[in-house]
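> Quick one: the structure is below, questions incoming.
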Amino acid sequence: MDRSSRKAWLYLLPAAALLAVFLVYPVIDVLIYSFEEGFNFASQSYWGTGWYNYSYVLHDPYFLQAVQNTFVLVIITVPVSTGLALAISAALASIRPLRNLYQTIYFLPYVTNTLAVGLVFMVLFQKTEYTDGLVNLMLRWFGAGPIDFINGPHWAKMFVLCFYTIWVVMPFKILVLTGALASVNPDYYKAARVDGTSRTRIFFRITLPMIAPMLVYLVITGFIGAFKAYSDAVALFGTDLNAAGMNTIVGYVYDMLYGDSGGYPSYASAAAIILFVIVLTITCINLLISRRVSEGGVHIQ
Amino acid sequence: MNIKLVGLTKRFPARGKGTSGEVTAVDSLSFTVPDGKLVGLLGPSGCGKSTTLNMICGLETPTAGQIFFGEEDVTAAPPELRGVGMVFQNYALYPHLTVLQNITFPLENLKGDKKLSKAEMRRRAVETARLVQIEDLLDRKPRELSGGQQQRVAIARALVKTPRVLLLDEPLSNLDARLRLQTREEICKIQRATGITTIFVTHDQEEAMSISDHIVVMKNGVLMQQGEPQQVYDDPANLFVAKFLGTPPINVFDAAVKGGKLYLKGADAPVLDVPGVPDGPVWAGIRPEGFVPDGTGPVACALSRVEVLGRDVSIVCTHPACQADTIRAIIPSRNLVNAADPTVHFALKPDKVFLFDKADERRLPFALSGARR
Amino acid sequence: MTHTEFEARRKAAGRKSGFLKALTYLALSIWAVVVLFPFYWMVLTSVKSYSAYNSEYVPSFFTLSPTLDNYRQAFTAVPLGGYLLNTLIFAVITTAVMVVVSTLAAYAFARLRFRGRDFVFGLFLSMMMIPNELVVITNFVTITNLDMRNSFPGLILPSITSVFYIYLLKENFEQVPEELYKAAKVDGTSDLKYLWKVMVPICRPTIVTITILKLIECWNSYVWPRLITDDQAYFLVSNGIQQIREEGFGRENVPAMMAAVVVISVPLVLLFLAFRNKIMEGASRGGLKG
């Protein structure tokens with residue numbers, strides 16, 4: 001190796017070493033863990049290899065509950081937050097005064113501590129013996145009965161989780177979409193106006209196709225992010241998510257690793273790999289669909 | 001159908017922080033575009049010509065004044081009810097639509113009794129595509145086309161709804177020099193073929209002169225002069241128009257008129273008889289082709305070099321009264337000038353010399369002795 | 001159509017667009033309220049006295065007798081100051097080391113020539129796909145085996161590297177004209193000096209951006225610290241607040257908990273207001289959440 005090569009490797013060394021120890025090795029290791037049956041953390045021994053860990057996880061009611069919760073969360077929050085962000089960004093693009101102020105406000109949740117602000121949502125939605133909470137107060141204005149969103153029925157808890165998740169992910173989506181809308185050349189809109197194109201048609205025939213790549217990007221990152229939901233749930237329902245019936249897949253992984261279930265790294269690894277496979281599959285399907293749509297778009301008149 | 005602008009004015013709120021008040025982009029502009037003509041709206045950038053075009057097509061609402069298409073007052077009409085087709089400087093072709101879809105786009109907006117069937121839309125689009133010779137490209141996307149082809153698609157899209165008026169904003173500025181020549185002839189041909197009243201905006205005087213039936217020269221939102229290109233060139237109304245038209249540009253001298261004779265500054269001998277012009281300082285503009293080499297001519301210039309251009313010869317020289325660093329004279333052949341001589345003497349063609357008031361730069365006409373004009 | 005008809009049409013269109021505009025502002029304001037209200041509520045609750053809060057069966061939207069008692073309570077009942085200090089130490093060290101390590105690596109990829117550079121960079125890029133959830137398990141075991149639980153090295157080491165920031169910096173470094181590098185080489189400038197005196201100053205905006213983004217990320221990190229610390233002396237704010245909520249005064253004293261939430265949130269909000277454009281620009285280039 002010549003001198004300059006050696007120097008280059010020296011510059012790379014810190015990053016490469018850290019990545020090797022804390023990123024590359026763990027990925028391989030987690031695969032191995034997931035196939036080591038009956039791993040004992042104290043003695044660092046195991047009694048066999050095979051699919052038992054996967055089988056255990058897939059039959060664990062807590063895991064199935066977590067998978068169900070995660071899927072519900074994904075299916076609700078991704079379309080709602082993306083659609084809402086699109087509507088808000090389009091509205092922002094159509095105004096001039098106060099636009100900056102609105103943008104700044106909308107971005108605030110991005111820089112807040114998810115755990116801390118989640119507690120505010122908990123307080124807002126919670127019903128205790130002292131108070132019904134603010135949300136229930138407002139529900140009463142519409143004649144709806146008090147519901148405990150934090151310790152009550154499952155659907156109510158799911159609603160709060162979705163609401164908070166959307167609140168947290170909106171800033172990024174609004175930011176990206178406002179940028180995408182601003183980058184559309186205004187001449188396209190002028191050309192459309194000369195031809196008497198209606199607002200709706202301009203939006204669906206010009207604006208939407210032009211920002212489609214960014215929408216696809218948002219949907220894919222949105223899916224990935226929502227599948228990894230965890231700290232939002234902890235903020236609302238506490239660390240014992242299994243007891244609340246609100247666990248997510250990531251939460252299950254961590255619980256298996258540490259916490260109330262006590263260390264089972266093999267089960268955690270199997271669950272993490274199942275999550276990874278799910279996310280990978282969904283992302284591939286997303287990419288395929290978006291490619292199909294963008295190619296198919298040619299033939300839609 | 002002719003287009004008539006009456007006292008058209010557009011004021012914008014001043015941009016930038018700390019500034020208040022308004023900027024007048026177009027100031028009581030009045031002119032008439034004759035029916036079926038190709039008209040060049042000409043001026044340096046920022047002169048308000050694009051704003052004028054936008055008001056004609058309805059994208060901007062005038063602050064004051066009126067716009068007539070024929071007898072109809074369209075000042076308040078929305079763009080789609082004016083029957084205008086517009087070609088944008090960067091063509092504004094929708095990148096996600098094919099050429100055919102781009103051309104049919106305006107037709108799909110038609111509503112009510114004007115609504116067209118799919119087959120009819122296609123028929124019209126193909127017909128228009130044939131007119132601009134892009135019928136082979138209908139299934140391509142805009143990014144797969146050359147600049148010239150994109151330009152034609154943009155023109156086809158503007159023409160497909162058979163507009164009463166065709167508007168082109170700097171149609172040639174995005175093309176390279178060779179395509180520019182070709183495309184401007186193409187625009188000329190399409191306009192002749194359709195007979196649609198056409199207005200195009202340009203900052204390139206050569207472009208405007210070469211294809212327009214009629215040119216309108218603007219500066220700072222104010223109309224400077226309008227007329228047929230040759231007429232405007234031969235008879236500029238003011239110093240700005242004289243300087244703006246013509247390549248090489250007109251040579252401007254600091255001069256004075258005394259007793260009906262023109263004196264260049266710093267010279268004792270008169271250079272030209274200018275009967276009818278009152279005494280006083282003037283700007284004297286002399287076209288490059290207005291110089292005639294003459295050993296006894298009254299204008300003596302220091303010769304810098306002689307450039308042989310083939311058919312013509314360009315003589316580059318200097319004169320203390322000239323406002324530019326060098327004077328360019330174009331003469332038909334070179335045998336009258338010896339490149340080794342330090343000085344060259346010129347006589348002047350009276351019809352190529354224009355005098356302008358020093359204060360307001362207006363043209364000061366003088367009677368010509370000959371009967372050339 | 002006549003001029004008057006056009007005028008009437010335009011007026012009608014103007015009225016319609018005015019109405020639409022009003023509707024737009026209304027909708028935007030509603031979302032602004034949804035965003036801001038939790039912040040208002042947390043500040044409001046944090047200044048309500050304990051007794052006043054608990055006697056409000058119907059929560060009131062304002063208070064006439066604000067008190068700072070809750071803040072005193074938040075800092076004395078639990079080591080909130082300690083949590084803040086821990087988080088600050090953790091965020092600053094992690095970010096500083098991250099910037100240095102990433103800058104060196106990005107420089108190697110952007111400027112230095114060595115065999116297999118593109119291949120190694122491809123490897124780096126492919127690591128962006130590895131989700132944190134996969135590696136956390138082994139890292140937990142590694143750190144435990146190294147006996148680094150409940151220590152700053154244990155907190156910091158796995159949090160340092162970010163492939164994405166290396167990528168961002170490399171892209172930025174490559175925009176610096178190669179001629180500058182050649183000129184510096186001709187003048188006999190060392191690589192390290194060139195990096196420090198030329199590249200870093202030119203690319204400072206990007207470095208500032210990734211610094212801020214990393215600080216935010218560190219301030220909000222929850223999962224790793226939760227796994228690796230169970231000693232309160234090493235808690236970061238996220239874990240601290242969770243602890244307060246589940247085992248501390250948060251169970252009954254909501255105003256004090258809200259005071260703690262305000263204390264945790266304020267530094268980030270201030271950071272955001274100070275570097276609004278940088279943060280928004282950086283976030284749009286590579287988001288952390290969402």
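The values are calculated or read from the model by the stated rules, or taken from the named source; none is laboratory data. Please read these numbers as outputs of a predicted model, since none were measured by experiment. No Cβ is skipped: glycine too gets one built from the backbone with ideal geometry, and neighbour counts run over all protein chains shown.
> Would you pick out the residues in the range A:89-106 that are within 13 Å of C:L23 (Cβ to Cβ) and in a helix (DSSP H, G or I)?
If the condition is that a residue be within 13 Å of C:L23 (Cβ to Cβ) and in a helix (DSSP H, G or I), then A:A90, A:A91 are the ones that fit.
> Any residue at all in the range C:173-185 that is at negative phi, part of a loop (DSSP other than H, G, I, E, B) and within 14 Å of chain A (Cβ to nearest Cβ)?
Within the range C:173-185 (the criterion being at negative phi, part of a loop (DSSP other than H, G, I, E, B) and within 14 Å of chain A (Cβ to nearest Cβ)), the answer is no, since none of the residues qualifies.
> Restricting to the range C:60-109, count the residues that are over 22 Å from C:M42 (Cα atoms), touching a Leu at 6+ places or on another chain (Cβ under 7 Å) and aromatic (F, W, Y).
2
> State all residues of the range C:218-237 that are among the charged types (D, E, K, R) and assigned to a helix (DSSP H, G or I); if no residue qualifies, say none.
As a first pass, look at the range C:218-237 and keep what is among the charged types (D, E, K, R): C:226, C:230-231.
C:R226, the sole residue that qualifies.
> Can you run down the residue pairs with Cβ atoms below 9 Å, 6 or more apart or on separate chains, where the first is in the range A:95-111 and facing chain C (nearest Cβ under 7 Å) and the partner is among the small types (G, A, S) and outside any helix (DSSP H, G or I)?
Here the result reads A:Y110/C:G287; A:Y110/C:G290, each pair linking the range A:95-111 to a residue that is among the small types (G, A, S) and outside any helix (DSSP H, G or I).
> How many of the residues making up the range A:186-202 are more than 7 Å from chain B (Cβ to nearest Cβ) and closer than 19 Å to B:T162 by Cβ?
The qualifying residues number 1.
> Against the definition (in a helix (DSSP H, G or I) and without any contact (Cβ under 8 Å) to a residue 24 or more places away in the chain), how does B:R178 come out, yes or no? Before the answer, list the steps.
Details: in a helix (DSSP H, G or I): yes; without any contact (Cβ under 8 Å) to a residue 24 or more places away in the chain: yes.
Here the answer is yes, as B:R178 does meet what is asked.
> Can you name the residue in the range C:108-157 that is under 20 Å from A:K7 (Cβ atoms) and either of a type in the set (D, E) or within 25 Å of the chain's Cα centre (by Cα) (or both) and is also farthest from the other protein chains (Cβ to nearest Cβ) among such residues?
C:D118
> Mind checking which residues of the range C:125-172 are without any contact (Cβ under 8 Å) to a residue 24 or more places away in the chain, touching an Asp or Glu at 6+ places or on another chain (Cβ under 9 Å) and not in a helix (DSSP H, G or I)?
The answer is none; no residue qualifies.
> Go through the range C:67-85 residue by residue and tally those that are in contact with a Phe, Trp or Tyr (Cβ under 6 Å, 6 or more places away or on another chain) and surrounded by 23 or more Cβ atoms within 10 Å (Cβ to Cβ).
Adding up the residues that qualify gives 1.
> Within the range A:67-85, is there a residue that is in a helix (DSSP H, G or I), among the hydroxyl-bearing types (S, T, Y) and within 9 Å of chain C (Cβ to nearest Cβ)?
yes
> List pairs: first residue in the range B:147-158 and crowded, with 24+ Cβ neighbours inside 10 Å, second residue of a type in the set (F, W, Y) and modelled with pLDDT under 95 anywhere in the structure, Cβ distance under 8 angstrom, at least six positions apart or on different chains.
From the range B:147-158, the pairs are B:Q151/B:Y91; B:V153/B:Y91; B:A154/B:F88; B:A154/B:Y91; B:R157/B:F105.
> Moving on to the next point. With A:L161, A:L137 as the choices, which residue is surrounded by 23 or more Cβ atoms within 10 Å (Cβ to Cβ) and in contact with a Ser or Thr (Cβ under 9 Å, 6 or more places away or on another chain)?
A:L161
> Across the range B:86-107, what is the total count of residues that are aromatic (F, W, Y) and in contact with a strand residue (DSSP E or B) (Cβ under 8 Å, 6 or more places away or on another chain)?
The first filter runs over the range B:86-107 and keeps only residues aromatic (F, W, Y), leaving B:88, B:91, B:94, B:105.
Checking which are in contact with a strand residue (DSSP E or B) (Cβ under 8 Å, 6 or more places away or on another chain) leaves us with B:88.
Residues that pass the stated criteria total 1.
> For the range C:230-246, state whether one or more residues are over 14 Å from A:S231 (Cα atoms), of a type in the set (A, V, I, L, M, F, W, C) and at pLDDT 90 or above.
Yes; the residues of the range C:230-246 include at least one that is over 14 Å from A:S231 (Cα atoms), of a type in the set (A, V, I, L, M, F, W, C) and at pLDDT 90 or above.
> Show me the strands (runs of 3 or more DSSP E) entirely contained within the range B:258-373 in which 1 or more residues are without any contact (Cβ under 8 Å) to a residue 24 or more places away in the chain, surrounded by 13 or more Cβ atoms within 10 Å (Cβ to Cβ) and in contact with a Lys or Arg (Cβ under 8 Å, 6 or more places away or on another chain).
Once the strands (runs of 3 or more DSSP E) in the range B:258-373 are filtered for at least 1 residues that are without any contact (Cβ under 8 Å) to a residue 24 or more places away in the chain, surrounded by 13 or more Cβ atoms within 10 Å (Cβ to Cβ) and in contact with a Lys or Arg (Cβ under 8 Å, 6 or more places away or on another chain), what remains is B:313-318.
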